[in-house]
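Asks: Pasting a structure below so you can have a look.
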Amino acid sequence: MTKVLTQAPFRADHVGSLLRPVNLLEARQDFQEGRITKEQLREVENKEIKRIVDKQIEIGLEAVTDGEFRRRFWHTDFLEHLNGIEGYVPEQGYLFSQGETERYNIRNTGKVTFNPDHPFIRDFIEFKEIVGDRAVAKQTIPSPNQLFHVGLRNKDFYPTVEDYAKDVIKTYQDALQAFYDVGVRYLQLDDVFIAGLSSPDHTEFDDGYTREQAIDLALRVLNGVLEGKPEDLAVTTHLCRGNYRSDWAFAGSYDLIAPNLLAKEKVDGFFLEYDDERSGDFKPLDYIPNGGARVVLGIVTSKTGELEDKEALKARIKEASQYVPLEQLCLSPQCGFASTHHGNKLTEDQQWEKLKLVIDVAKEVW
């Protein structure tokens with residue numbers, strides 16, 4: 001019998017975002033069009049966050065999130081509130097396999113530092129009060145590597161990527177400390193940039209870096225951020241290949257990044273997408289040190305409502321245990337259910353059934 005994990009990530013976990021209910025979407029639209037106040041919108045947000053926190057606890061999750069209910073996009077809402085970063089509407093959205101996303105992005109407008117009045121800090125304080133001591137309140141934010149996409153850095157302020165990286169590292173060190181000071185003990189860094197490095201189709205990197213140089217930079221940035229973090233702050237990273245209205249942005253196994261990033265990244269856990277053939281096989285997991293970071297297998301998809309077969313999931317966990325010891329494995333959906341306010345193509349009932357399946361399988365396996 002393998003021992004039960006008492007530290008994050010948990011045997012049954014989830015990436016974070018949940019489908020926004022209709023009344024929340026309507027309230028946000030009403031606020032944008034001036035029909036309700038900011039305070040009235042927050043009342044609706046709080047009511048719905050309380051509801052989904054109760055539901056997560058009811059089905060048996062040990063770590064719960066606010067569903068990212070205060071956000072429009074999983075990453076821009078956090079990043080645009082850093083000093084030196086602003087949100088804007090570009091001429092083109094992100095390109096996914098089936099088309100273009102809603103147009104919104106961020107850009108570098110000055111020296112990057114952490115904003116001590118960042119709204120996510122207040123949001124977590126209220127969220128933690130809602131959760132109380134009933135579960136672990138998990139906070140999700142975009143990885144610092146999201147600031148290294150080609151074209152984002154302003155060369156007037158940062159002539160080189162290395163100068164930029166120093167400030168990004170310090171910004172995120174300050175962010176981790178600020179979250180820790182208000183009670184965060186489980187923090188997840190969501191990272192499309194690193195997942196992109198695993199795609200053979202991605203060949204252009206900032207400052208003309210090669211793929212190997214970009215991988216080295218991503219590793220140095222993340223480990224730099226984690227240097228000196230509080231010992232009782234669990235930090236995980238989620239590698240995502242795109243999650244927008246059930247669509248995806250790119251494919252590629254973890255082969256290209258495993259020897260460096262999976263082997264040397266100093267996080268407590270990796271949330272890895274493994275819900276279809278785009279992710280490749282489990283062989284790259286062999287690079288993860290025994291007794292090192294836990295691997296949260298994202299073998300339950302959040303992109304469709306069809307429920308996976310329980311025995312098939314157990315078989316995949318057994319297969320993964322050929323490369324990572326079973327006691328080092330956990331289970332989750334491959335991504336959130338609503339990385340943006342649009343949500344994926346399934347119902348809320350199907351969402352809860354998926355999460356309950358994760359919990360049930362985890363109980364039977366461990």
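Quick note: the coordinates plus some simple rules give every number you see, no bench work behind them. Keep in mind the model is a prediction, meaning the values are calculated, not measured. For neighbour counting, all protein chains shown are included, and Cβ atoms are generated from backbone atoms with ideal geometry for every residue, glycine included.
Asks: So if I place +1 on the C-beta of Lys and Arg and -1 on the C-beta of Asp and Glu, and nothing else carries charge, what would the dipole magnitude of region 210-318 be about its Cα centre? I want it in debye, nearest 20.
Replies: 80
Asks: Just to be sure I understand the curve: with the Debye formula and one point per C-alpha of region 244-366, what is log10 I(q)/I(0) at q = 0.13, 0.17, 0.19, 0.23 Å⁻¹?
Replies: Log10 I(q)/I(0), no solvent term: -0.52, -0.88, -1.07, -1.39.
Asks: Sorted from largest down, give the three principal axis spans of the alpha carbons of region 12-111, whole angstrom values.
Replies: 43, 37, 34
Asks: Could you rank the peptides 112-123, 27-38, 71-82, 188-199 by their average count of other C-beta atoms within 10 Å per residue, with the highest value first?
Replies: For the peptides 112-123, 27-38, 71-82, 188-199, the packing ranking is 188-199, 71-82, 112-123, 27-38.
Asks: Determine ³J(HN,Hα), in whole Hz, for all residues of region 213-225 in sequence, where each value follows from phi through the Karplus function 6.51 cos²θ - 1.76 cosθ + 1.60 and θ = phi - 60°; x replaces Gly and Pro.
Replies: 5, 5, 5, 4, 4, 4, 5, 5, 5, 5, 5, x, 4
Asks: Mind jotting down a quarter of the surface of the convex hull over the alpha carbons of the chain, in square nanometres, one decimal?
Replies: Hull-based average projected area comes out at 17.0 nm².
Asks: Please state the charge dipole magnitude for region 1-90, taken about the Cα centre, from unit charges on C-beta atoms (+1 on K and R, -1 on D and E), reported in debye and rounded to the nearest 20.
Replies: Roughly 200 debye for region 1-90.
Asks: From the helices alone, meaning DSSP H stretches of at least four residues, give me the mean residue ellipticity at 222 nm for the chain, per-run term -39500 (n - 2.57), in deg cm²/dmol to the nearest 500.
Replies: -10500 deg cm²/dmol
Asks: Straight-line reach from K314: which aspartates and glutamates have a Cα under 12 Å away, not including same-chain ones fewer than 8 places off?
Replies: Here the aspartates and glutamates satisfying the reach criterion relative to K314 are D360, E364.
Asks: Another one. According to the Kirkwood expression over distinct Cα-Cα pairs, how big is the hydrodynamic radius of region 109-209, in Å?
Replies: For region 109-209, inverting the mean 1/r across all distinct Cα pairs yields 15.4 Å.
Asks: Size of the dipole of the chain about the Cα centre, Lys and Arg at +1 and Asp and Glu at -1 on the beta carbon, nothing else charged, in debye to 20?
Replies: Computed about the Cα centre, the dipole is about 400 debye.
Asks: Sticking with this one: What's the center-to-center distance, using Cα atoms, between region 20-87 and region 112-165 in Å?
Replies: 17
Asks: How much of the DSSP bridge set in the chain is antiparallel, in percent, rounded to the nearest 5?
Replies: Percentage antiparallel, nearest 5: 25.
Asks: Let me ask something else about it. Check the straight Cα-Cα distances from K138 and name the lysines below 20 Å, setting aside those fewer than 8 residues away within the same chain.
Replies: Once the sequence-local lysines are set aside, what remains near K138 is K47, K50, K55, K128, K229, K266, K354, K356.
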